[in-house]
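Enquirer: Just dropping this structure here.
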Amino acid sequence: MTQHGTAGPEPLLASLLSGAAGYAGRAAELLTECSLTVDRWRVLELVARHSEVTMSGLATQLGVPSSTATRIVDHLVSDGALYRAVDMVDRRRVLLRVTDRGRTSLGEALHQLEPLEAEIGRLIGPERPASRDGRTVDHQTRHLVDKGRARHRQDRGDATAPMRAPP
């Protein structure tokens, strides 16, 4: 006879991924109002935050294969939210930039996501309490994300690849 609920606590990684999937699902529901998927919103947000991004940098930041990043970008380009530009210093590189239409879509998306952002903010707490080592939850979360991204870049063989390398 199998007993349920006696296996002990869920491993930290499994908990983290389950929580992220839950938030991604809720974000997807909210984003339907502005006709964006979570992946397309992430791309728009990332490119807007960095002004311009290379395709390889984008794939690395998203943690997806280049072919997947290309499909997401193709859709955003066909919608007029992004455009591709050839890097004038290194013509082999393609840079992505957000259009005015993309900025409008991103603004609408951010408005739709406000309730979820506020909920997460409430869960973390307004004071961002520090742990025993003095780091805030916000700092710890960003550190965890940065470490995960760095490990992903290392596993892909581009550990030092920035979003856009200086000319």
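Enquirer: Give me the distance in nm between label points sitting 7 Å out from Cα along the Cα-to-Cβ direction at residue 86 and residue 104, one decimal.
Expert: Placing both labels 7 Å beyond Cα along the Cβ direction yields 3.0 nm.
Enquirer: Grab the Cα-Cα distance for residue 18 and residue 35, subtract it from 0.36 nm times how many residues apart they are, and report the gain in nm with one decimal.
Expert: 3.6 nm
Enquirer: Moving on to the next point. What's the exposure ranking of 12, 96, going from fewest to most Cβ atoms within 10 Å?
Expert: Ordered by Cβ neighbours within 10 Å, fewest first: 12, 96.
Values in this text are rule-based calculations from the coordinates and carry no lab data. Please read all numbers here as calculations on a predicted model, not as lab measurements. Positions of Cβ are generated from backbone atoms using ideal geometry, with glycine treated the same way; all protein chains shown enter the neighbour counts.
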